[in-house]
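Presented below is the structure to which this report refers.
Only the coordinates and a few stated rules stand behind these numbers; no lab work does. As the structure is a computational prediction, the values presented were derived from the model and not from experiment. Positions of Cβ are backbone-derived with ideal geometry, glycine not excepted, and every protein chain shown enters the neighbour counts.
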Amino acid sequence: MMENEPIIIRTENLKKVYGSGEAQVIALAGINLTIRQGELVAIMGPSGSGKSTLLNILACLDRPSEGSYYLDGIDVSQYQRRDLALIRGRKIGMVFQSYNLLPRLTALENVLLPIFYRREQRLPAEAARQHALAALESVGLSDRAHHYPNQLSGGQQQRVAIARALVNDPALILADEPTGNLDSHSSQEILDLLQRLHAQGRTIVLVTHDPEVAAHTERILLIRDGHLISDQSNGRTRSMPPSNSLSSSPASTTPEVHHDH
Ligand SMILES: Nc1ncnc2c1ncn2[C@@H]1O[C@H](COP(=O)(O)OP(=O)(O)OP(=O)(O)O)[C@@H](O)[C@H]1O
Ligand SMILES: [Mg+2]
């Protein structure tokens, strides 16, 4: 049962304030959140509600202004940049809407990067290469290893980015609108891939505007004006649905989200 799984993410009164004076923005107004190992969670909410701010803090890319963030039981909210980078490399794989691949590196070289930046358990070059090739194979891109990002479709670039996120075997995969730039076919491929990773027991938190995407998660967090206003179980089991289920799934299980843009 999910209740017995270890807690991977716990936040206590997490706040983020940008700027000061009249330019002050309260991006997160006190978020209390627990996510357990193996969960597949969607974060939804209007534009500007604080979704990316939250995800970036969860990814150790940024620090909260106030409150605590326990990652795998360790309070990292006071960590300095260097230690955040270390823990990020060890525990987190991040996927972005715009893929964020380095354009002058091949798919394989992009996937190799996190291995090279790793401080512990460093692999010899050939083992690293085999490991990166295996990650590319797991996203179905063995035959594109030596292509550059501009020689790949958007969906393929995102699969490379997912391979890169996976390559250090992170406890947690965080994705900020991973299908936001993709057509429906490529979106479905990425969604299928994330669901496969979930079925393997990975913990995945993704931000999405797309109710169809959210409908394929098991829990939906709704954020508005920096507040967590709803936390709903999506009533799905952890088993992987058939790959053609995206169009036939009941969208009614997702909460209504009103977009401001
Ligand atoms: N670096 C920054 N400096 C100042 N304000 C910021 C900064 N980053 C974000 N904000 C503000 O914080 C609020 C939350 O932004 P955030 O990017 O988290 O929203 P979001 O929910 O991800 O929106 P979207 O759906 O458009 O991506 C917004 O009002 C935004 O203008
Ligand atoms: Mg955002």
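Only beta bridges with both residues in region 118-234 are counted; by DSSP, about 55 percent of them are antiparallel.
Could you tally the net charge around P170, taking each other residue with its Cβ under 15 Å from the Cβ of P170, Lys/Arg +1 and Asp/Glu -1?
+3
Which distance in Å, rounded to a whole number, links the C-alpha centroids of region 205-219 and region 63-124? Rounded to whole Å, the Cα centres lie 23 Å apart.
Rounded to the nearest 5, what % of the DSSP beta bridges within the chain are antiparallel ones?
For the chain, the DSSP antiparallel bridge percentage is about 55.
From helices alone, the chain scores -9000 deg cm²/dmol at 222 nm; the rule is -39500 (n - 2.57) for each run of n ≥ 4 DSSP H residues, then divide by the residue total.
Residues K15, K51, arranged from fewest to most other Cβ atoms within 10 angstrom of their Cβ, appear as K15, K51. Cβ-Cβ distance of D169 and Q78, R₀ of 41 Å, FRET efficiency by 1/(1 + (r/R0)^6): the value works out to about 0.95. Here R82, R144, R159 are placed in order of increasing Cβ neighbour count within 10 Å, fewest first, which gives R82, R144, R159.
Between A199 and E22, the simple spin-label model (points 7 angstrom out along Cα→Cβ) gives 5.6 nm. Assuming charge only on the beta carbon of Lys and Arg (+1) and of Asp and Glu (-1), the dipole of the chain about its Cα centre is about 780 debye to the nearest 20. Using C-alpha pairs below 8 Å separated by at least 6 residues, the relative contact order for the chain is 26 percent. Look at the alpha carbon pairs under 8 Å that are at least 6 residues apart: their mean separation over the length of region 1-131 gives a relative contact order of 22 percent.
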